[in-house]
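Presented below is the structure to which this report refers.
Only the coordinates and a few stated rules stand behind these numbers; no lab work does. Given the structure is predicted, the values throughout are model-derived calculations rather than measurements. Counting neighbours? That spans all protein chains shown, and the Cβs are built from the backbone with ideal geometry, glycine included.
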């Protein structure tokens, strides 16, 4: 009898089936017991009669033991998902005899955050945690599918780079055959260069930030969903694509991941046909008007500012999303395209999702002389940028793009209190393992 | 008039169309000229009458200038792809006035390898080079699609790790907030751990090898297509999946990338329904019998051995592929599952593609006591492996997987003489840029 998986059980009501997986739970109620078998895709309840129980007990098979079950599925309103397996016999494939460091058979994990992270290897087997990472896969899949439909080409660019090019001290350095290499803080330069080949490119991959801060929404390594496209009008072309992409991502999750969304009690956000937008200067005015706090003159928005603005978008437009455009040039990287009507501001944007920055993007400079001027203005030498500049020296169209932080998206989507809770194996100042 | 792209021109024969892109070539023949416009997807020939030529000349627009063309496509047997644009007017969007460091408008690049790599930013715009990286995207897409259909979940695992776990000195180290981090040589440990969540996982991402050798088929950073699956019989379960995956990849390239394959004069390989296989010991016997070279007793195959075996598979089975199984345990990593019938050998395999190793895989150990024994036998302490071991301590099914080297695949597929030629921005001992 061929093995089937838990998500296929419903198609086999009344038939004899064979399942394999982990003994996820076992509750004894007198002479009878209820087991839950977990496999790579889901869980199913099994009624364990005394003989089957004797098999488990004889092998001293505790939770997370690997078992095979042969039985007959039937509808049972009381059972999770309305199905249970009866007439079950067990075979213990591998008996686990010691208790798990973190108990994972309950709907909610009770372990402290450090314990949970220390034991992520097993704690992530918990169905609700697993659902988070299944959603992550869904986000990546929808991202790629949508962009492929728009003529984008996937790229994989190097993570070992010659200079800490994007500026700042927040870059990891390593010995590279006697010289020094740096870990890419983003694929920014490469994705721009690649506009010269394919016009429209995207990359899903790790980025590395040596930032020493310890917050609930930062990480030293995370997954960035990067997009760059050429022949744009300005940053609004890119914002329109992002809006479409978000629609596609949430539609895909709704269609393919209903079980995971239900398990996590996630309300999928509303993406309005037109995401509301505010210019940076307007945003600061709004904060003054609504909250009496004068942040005008500040070159950036604080997390508190972002929360206020997110709440405003919710109240005013019923939108979980808000574009803030026109961030001051002084806080944006040298390759940022200024706002033509007022060059103190830029053709850039952040997308706030439920009051937290989830996407950063904008139009970039594309003319070679503009790059030389921007580097000079920033007091940066041109030599480390020679290869990057080669792209602009030999013809680059107006272009722009954005980067979505995968874990930021998951954090806001699931309402997690900490980015580490939606990262498979998070990296922070004090954590490199597991 | 909306812009269309070069690959859409054929649908608009006889209509007025607008194109934008790079001035890829310009040949003058007396008063008339032929231009080639290149955009992100392809090229098209344009007949340039004297007035249009005056526009280009007036702007001093040399190759790689950004131009807009309005004209009328027509069938013309002499033109590349059988189409040319007539009645063309030009608008110069951005004029480039200096010659490219590497001439890219010819079918073949004449620059030396170092020059080509130094100027990869522009050299990769050449259509044949661009085709290579388009194929790379196609390989990744087919890999993911096929695995998704088989119930696999995509993962992204950390590249910053706590210890140089897979052994050897071939690992990059970096300062990590006063401690030391290492760059992952592969996602091996994490993909195994993730079998405990999803049973079937894959990852596409960078791997880092600090190997100091300088060969035509190695790189210090490359893209690895990693697969791992649980509840297997042994390594042959994994080999069957790999075989199916290769079928799907080449079928996808044939269906979607005919233009790229033609441009690169690539003959897609034959993947037999059953890829021929040889045990390691048989392979050494065969080399002795056919070539009179006695490599028995050697713990691994040399590149020459692999070429000989590849030639044999071609002659004997007409196959571009050959599985070599059962590599000696002594040369395989500690987590390798031994061959039950003779534990000097292992349940592992390499897949040779046209005589070069392209995939390595096998069955892994899955029982906790086996790991403790394997680490002890290898003289390794258990402490650095604590998190990894947690997966096996709490129930792991028989599992195995493999890793496909993306650039290796592209190298053999295109017949490139050097891995660097099929890598977007290669990394070697002396190259970190562009």
message = Quick check: from the Cα gyration tensor, does segment B:105-154 come out rounded (a/c under 1.5), prolate or oblate?
response = prolate
query = Hey, what does the equivalent ellipsoid look like for segment A:6-99, semi-axes from the Cα gyration tensor as sqrt of 5 times each eigenvalue, largest first, whole Å?
reply = 20, 14, 12
ask   = Which distances, shortest first and in nm, link residue B:318 to the matching position in the other copies, using label points set 7 Å out along Cα to C-beta?
value = 6.5
ask   = Which of rounded, prolate, oblate describes segment A:393-433, given a ≥ b ≥ c as roots of the alpha-carbon gyration tensor eigenvalues and a/c under 1.5 marking rounded, otherwise prolate only if a/b is larger than b/c?
value = oblate
ask   = Which angle between 0 and 90 degrees, to the nearest 10, do you get for helix B:127-149 versus the longest principal axis of chain B when only C-alpha atoms count?
value = 50 degrees
request  = Report the dimensions of chain A along its three principal axes from the alpha-carbon atoms, largest first, rounded to Å.
outcome  = 81, 57, 40
query = Along Cα→Cβ at 7 Å, what distances in nm separate the residue A:68 label point from those on the other copies, shortest first?
reply = 6.9
task = Compare the peptides A:268-274, B:184-190, A:203-209 by average per-residue count of other Cβ atoms within 10 angstrom and give them in order, highest first.
result = B:184-190, A:203-209, A:268-274
request  = Please average, across the residues of A:194-203, the number of beta carbons from any other chain that are within 10 Å of each residue's own beta carbon, and give a whole number.
outcome  = 5
query = Using helices alone, what [θ] at 222 nm do you get for chain B, with -39,500 (n - 2.57) per DSSP H run of 4 or more residues, divided over all residues and rounded to the nearest 500?
reply = -9500 deg cm²/dmol
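If neighbour count is taken as other Cβ atoms inside 10 Å, put B:108, A:7, A:146 in order from fewest to most.
Least to most surrounded, the residues fall as B:108, A:7, A:146.
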query = How high is the relative contact order of segment B:347-434, in percent, counting Cα pairs under 8 Å that sit 6 or more residues apart?
reply = 28 percent
key: Distance between modelled label sites at residue A:370 and residue B:89, nm, 7 Å Cα→Cβ extension   = 2.6 nm
query = With r defined as the distance between the Cβ atoms of residue B:50 and residue A:317 and R0 fixed at 45 Å, what FRET efficiency is calculated, to the nearest 0.05?
reply = 0.20
Residue of chain A whose Cβ sits closest to the axis mapping A onto B, with distance in whole Å = A:174, 2
query = Using the Kirkwood formula over every pair of different C-alpha atoms, what hydrodynamic radius in Å results for segment B:277-354?
reply = 12.7 Å
Exam field: residue A:381 pseudo-label spacings to other copies (7 Å along Cα-Cβ), nanometres = 4.2
query = Where the convex hull is taken over the Cα atoms of segment B:283-327, what is its projected area averaged over directions, in nm²?
reply = 3.0 nm²
query = Between segment B:83-132 and segment A:127-152, what's the alpha-carbon centroid distance in Å?
reply = 35 Å
note = Once the mean of 1/r over all distinct C-alpha pairs in segment A:224-290 is inverted, the Kirkwood radius in Å reads 14.8 Å
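How would the protein assembly as shown be classified by its alpha-carbon gyration tensor: rounded, prolate or oblate, with rounded meaning a/c under 1.5 and the a/b versus b/c comparison settling the rest? It would help to have the intermediate numbers written out before the result.
Numbers: a/c = 1.82, a/b = 1.30, b/c = 1.40.
Since a/c reaches 1.5 but b/c is at least a/b, the shape of the protein assembly as shown is classed as oblate.
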key: Rounded tilt (10° steps) of B:235-256 against the dominant C-alpha axis of chain B   = 0 degrees
query = Averaged over A:423-434, how many beta carbons belonging to a partner chain fall within 10 Å of each residue's beta carbon?
reply = 6
request  = Find how much the distance from residue A:12 to residue A:293 grows on full extension, using 0.36 nm per residue of separation minus their present alpha carbon separation; answer in nm with one decimal.
outcome  = 94.9 nm
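Residue by residue through A:118-129, how many Cβ atoms from other chains fall within 10 Å of the Cβ on average? Could you put the intermediate results ahead of the total?
Numbers: counts 3, 3, 3, 15, 9, 1, 5, 8, 1, 1, 0, 1.
Shielding by partners across A:118-129 averages 4.
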task = Return the distance in nm (one decimal) between the two label points of a simple spin-label model at residue B:75 and residue B:233, each offset 7 Å from Cα along Cα→Cβ.
result = 5.4 nm
remark   = Computed on Cα atoms, Rg of segment A:324-434 relative to 2.2 N^0.38 Å comes out at 1.34
Label-to-label distance, nm, for residues given as residue A:149 and residue A:110 (7 Å Cα→Cβ offset) = 4.6 nm
ask   = Roughly what % of DSSP beta bridges within chain B run antiparallel, to the nearest 5?
value = 90 percent
message = So if I take the centroid of the Cα atoms in segment B:346-371 and the same for segment B:245-300, what is the distance between those two points in Å?
response = 16 Å
request  = Would you mind checking the tilt of helix B:280-291 against the longest principal axis of the Cα atoms of chain B, expressed as 0 to 90 degrees and rounded to 10?
outcome  = 60 degrees
